[in-house]
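Peer 1: Before I ask anything, let me first share the structure, which is written out below as structure tokens.
Nothing in this text is a laboratory measurement; each read-out follows from the coordinates by a stated rule. Please read these numbers as outputs of a predicted model, since none were measured by experiment. Heads up, the Cβs are rebuilt from the backbone with ideal geometry, glycines too, and the neighbour counts pull from every protein chain shown.
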Ligand SMILES: Cc1cc2nc3c(=O)[nH]c(=O)nc-3n(C[C@H](O)[C@H](O)[C@H](O)COP(=O)(O)OP(=O)(O)OC[C@H]3O[C@@H](n4cnc5c(N)ncnc54)[C@H](O)[C@@H]3O)c2cc1C
Ligand code: FES
């Protein structure tokens with residue numbers, strides 16, 4: 001799959017830590033992406049003030065799609081995301097995708113749980129579910145209220161949790177899980193949150209689909225850095241089912257960073 005040129009046409013959903021970009025790819029986007037799929041996005045010509053520190057391409061979840069245009073929601077984390085957020089309408093980016101396997105749309109009573117930039121792919125999923133007549137319940141968490149993306153856009157019921165208590169429940173979003181009985185838990189966000197979500201789902205006999213945001217240098221199955229157990233997150237995922245992670249020796253325990261360096265998560 002080759003990168004295609006895409007023009008930045010609109011910016012919306014601004015928060016103090018990021019915003020959404022609507023991109024119009026020049027070709028190759030007739031097929032609708034699945035919620036949970038991602039693109040590799042690159043900046044052939046970084047904006048003024050950005051240089052070699054900007055990576056070749058970074059993975060970004062599809063946050064929305066309309067015929068002819070694609071939405072990405074980006075949080076300012078480091079040099080490449082900062083450069084993407086500095087782009088203005090009319091700037092040209094390069095996107096490769098859609099990549100990977102997304103969420104199933106099998107649920108009848110879905111519960112969605114997102115943390116930080118886990119919200120964008122869940123927004124796309126919630127909109128698809130709502131379009132098929134299913135109103136999801138969504139739990140969104142963030143360090144602070146400014147880190148909660150798309151709060152007003154989710155269809156159905158939305159509940160919030162913030163670590164600092166600036167909105168909604170004061171605490172972790174996983175603390176909102178107890179007492180619920182969905183037929184499927186969909187989740188995306190930091191891995192410790194996904195681990196807690198999986199534990200809760202398994203303890204309650206509920207299937208889960210989890211979207212992993214692992215370090216991905218290539219996104220297309222070439223480098224192996226995104227490996228978890230024997231699965232490549234960029235190709236077998238990024239959405240993996242509870243049955244694929246239940247007995248994992250690495251989920252929540254081992255991550256690979258730049259150059260494939262292995263880091264063990266704190267116990
Ligand atoms: C499937 C997938 C979907 C993603 N979707 C989104 C999204 O919708 N919105 C969003 O803001 N971010 C998303 N990310 C994370 C995003 O790709 C990284 O935050 C981004 O690459 C950071 O690059 P940087 O140069 O700005 O920061 P850096 O300084 O390079 O890194 C900042 C942080 O991001 C992590 N990171 C760096 N590069 C990558 C990478 N290639 N893959 C994963 N993590 C990385 C680092 O470990 C570090 O914790 C997604 C990641 C994956 C794997
Ligand atoms: S990111 Fe390179 S193989 Fe998955």
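Peer 1: If you build a Gaussian network model of the chain, linking Cα atoms that sit under 10 Å apart, which residue out of 74, 160, 134 swings the most?
Peer 2: Evaluated over the chain, the most mobile residue of the options is 134.
Peer 1: List the relative contact order of region 167-267 as a percent without decimals, with contacts defined as Cα pairs under 8 Å and 6+ residues apart.
Peer 2: Normalised by residue count, the contact order of region 167-267 is 22 percent.
Peer 1: For region 12-28 and region 73-124, what is the separation of their Cα centres, given in Å?
Peer 2: 9
Peer 1: What order, most packed first, do the peptides 161-167, 124-130, 199-205 have when packing is the mean number of other Cβ atoms within 10 Å of each residue?
Peer 2: My ranking of the peptides, most packed first, is 124-130, 161-167, 199-205.
Peer 1: Nearest 10 degrees is fine. How inclined is helix 191-203 to the longest principal axis of the chain, computing both from alpha carbons?
Peer 2: 30
Peer 1: If you don't mind, another one. Compute the relative contact order of the chain as a whole-number percentage, counting only Cα pairs closer than 8 Å that sit 6 or more residues apart in sequence.
Peer 2: Across the chain, relative contact order equals 16 percent.
Peer 1: With everything on Cα atoms, drop me the angle between helix 119-131 and the longest principal axis of the chain, reported from 0 to 90° to the nearest 10.
Peer 2: So the helix axis and the longest Cα principal axis differ by about 70 degrees.
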